[in-house]
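J.: To start, I am sharing the structure in question, which I have written as C-alpha cells.
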Amino acid sequence: MSVEIKLSRSNRIYRPNEPVEGKIVTKLSSSISHQGIRLNVNASVNLQVRGGSAGVIESIYGVIKPITILNKTVEVLKSGRISSGTTEIPFSFKLKDRGEKPLEKFYETYHGGDISIQYLVTVDISRGYLHKSLSATLEFIIESEKENLPEKPISPEMVIFYMTQDTQRHSLLPELQSGGFRVSGKVCTLCSLSDPIEGELTVESSAVPIQSIDIHLLRVESILVGEKIATESSLIQTTQIADGDVCRGMTLPIYIILPRLLTCPSIFAGPFSIEFKVNLVITFQSEQSKVHSKSNFKTLRSWHAAESVPLELIRTK
C-alpha cells in the first residue's frame, strides 16, 4: 500500500493568493475502508542557533520555537472505501481564505543554515484504531504575490570597489606587501532573484602572479535570542571567474546565477533577518598556498586578498 501527493504544477511554485491543486494517488493491492481523508497544511519559519554564534546562549536555547505562518486542515473525503489498484483523488485548497487574517506574513520558501521557511502539505488517510493510517508529505514552494512586486526591469545598483595591499586588514605575504597589487571593478548590490549577479573586475597590477579569482555568495542569518542577536554567515556557493595568472588590464566579466531554494528576498523581520553578501577573493601563487590548498571562506590567509560587498535581493514581476 502506498500513497503520494502530486501537485498540478511540476515546479510546485505557488503564490499566496492562488489555489493549490493536485491529486492524492493511492496504490492498493486490495480495497480498504477509511474514516476520512484530510490534508494538513503547515508553514513555519524554523530557527536554530548553532555553537559559536551566541556563546553560552546557544547551549541554553538551541532550537528556538518556530514561527507559525499557516496551520489548517482541509477535508478531502468523508469516510468510505478506496478500491484496489491505482486511485486518483483530486483536491484544491486556498492558502488565504477571503477575510481571514494570516498568522504571519507569507515569506518566500527558503532553505538556509540556521533559518528555513517551509510550506508542507500532508495527506492523512485514517483507518481507525486497528489499522495504521496512510500518510505522505510534500513540500511546495511559495513566492511573493505579483501585485505587490516592483515592475521589471529594476535599475541595477552598482558599487565600485578596489583592492590593494593597503585595504587588507590581515597580514599579507612580504612580497605582496612590498611589491603591491591593485584590482578594481564594479558589482551590483541590488539584484532581482530571476536575474544573475553582474559586474566586472580588472587586475591593474600585481607583484605576485595570481592563482585564481573566486566569488563567494554568502548568507547572513540573524536570530533574536532573548536580548541578544545571534548572527551566522555561511557559504551558499562559490563561482570561479579566473584560473591562473590574469592578463593585466583585461576586464573580466562577473556573471553569477542565483540558486532558487538557497536564496530569497532579503528579509528584515523582528525575530530574524536574512541578508546576503558577495565576497571577492583573490588567491596569489605561493609555496604556502600549495601546502594549504583548502581554505575556509571565513579565514583569510597571507596569500589572499578580499573585498566584501552587501547584496540586496528582491523579487520582481
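The values are calculated or read from the model by the stated rules, or taken from the named source; none is laboratory data. All of these numbers come straight from a predicted model, not from anything done at the bench. Here the Cβ is made from the backbone with ideal geometry for all residues, glycine too, and neighbour counts use every protein chain on show. With ligands, DNA and RNA removed, areas are computed over all heavy atoms of the protein, side chains included. Shrake-Rupley method; radii C 1.70, N 1.55, O 1.52, S 1.80 Å.
J.: Does Tyr119 count as free of Cβ contacts under 8 Å to residues at least 24 places away in the same chain and either surrounded by 15 or more Cβ atoms within 10 Å (Cβ to Cβ) or outside any helix (DSSP H, G or I) (or both)?
T.: Spelling it out, it is not the case that Tyr119 is free of Cβ contacts under 8 Å to residues at least 24 places away in the same chain and either surrounded by 15 or more Cβ atoms within 10 Å (Cβ to Cβ) or outside any helix (DSSP H, G or I) (or both).
J.: Considering only the range 11-67, state which residues are open to solvent by less than 30 Å² (accessible area, probe 1.4 Å), modelled with pLDDT of 90 or more and assigned to a loop (DSSP other than H, G, I, E, B).
T.: Matches in the range 11-67: Pro16, Gly36.
J.: Can you tell me which residues in the range 20-32 are out of contact with any Asp or Glu (no Cβ under 6 Å at 6 or more places or on another chain) and more than 14 Å from Tyr119 (Cα to Cα)?
T.: Glu21, Gly22, Ile24, Thr26, Lys27, Leu28, Ser29, Ser30, Ser31, Ile32
J.: Since Ser144 meets every condition but one in (1) part of a loop (DSSP other than H, G, I, E, B); (2) farther than 17 Å from Cys264 by Cβ, which condition does it not meet?
T.: (2)
J.: Do you know which residues across the range 191-215 are among the polar types (S, T, N, Q) and in a loop (DSSP other than H, G, I, E, B)?
T.: Ser194
J.: Out of curiosity, is Phe297 open to solvent by less than 60 Å² (accessible area, probe 1.4 Å) and modelled with pLDDT of 95 or more?
T.: Considered against the rule, which asks whether it is open to solvent by less than 60 Å² (accessible area, probe 1.4 Å) and modelled with pLDDT of 95 or more, Phe297 comes out as no.
J.: Let me ask another. Wholly within the range 219-294, which strands (runs of 3 or more DSSP E) include no fewer than the required count, namely at least 2 residues that are open to solvent by 70 Å² or more (accessible area, probe 1.4 Å), more than 14 Å from Ile197 (Cβ to Cβ) and assigned by the TED database to the domain that holds Leu173?
T.: Fully inside the range 219-294 and qualifying: 228-243.
J.: Pull up the range 79-106, narrow it to residues that are part of a loop (DSSP other than H, G, I, E, B) and in contact with a Ser or Thr (Cβ under 9 Å, 6 or more places away or on another chain), then point me to the one that is nearest to Leu235 (Cα to Cα).
T.: Phe106
J.: When you scan the range 177-199, do you find a residue that is open to solvent by 30 Å² or more (accessible area, probe 1.4 Å), of a type in the set (Gly, Ala, Ser) and in contact with a helix residue (DSSP H, G or I) (Cβ under 6 Å, 6 or more places away or on another chain), even just one?
T.: no
J.: Only one of (1) in contact (Cβ under 8 Å) with a residue 12 or more places away in the chain; (2) touching a strand residue (DSSP E or B) at 6+ places or on another chain (Cβ under 9 Å) fails for Lys317. Which number is that?
T.: (2)
J.: Another question about this same structure. Looking at (1) open to solvent by 20 Å² or more (accessible area, probe 1.4 Å); (2) among the small types (Gly, Ala, Ser); (3) within 27 Å of the chain's Cα centre (by Cα), which is the only condition Ala305 fails?
T.: (1)
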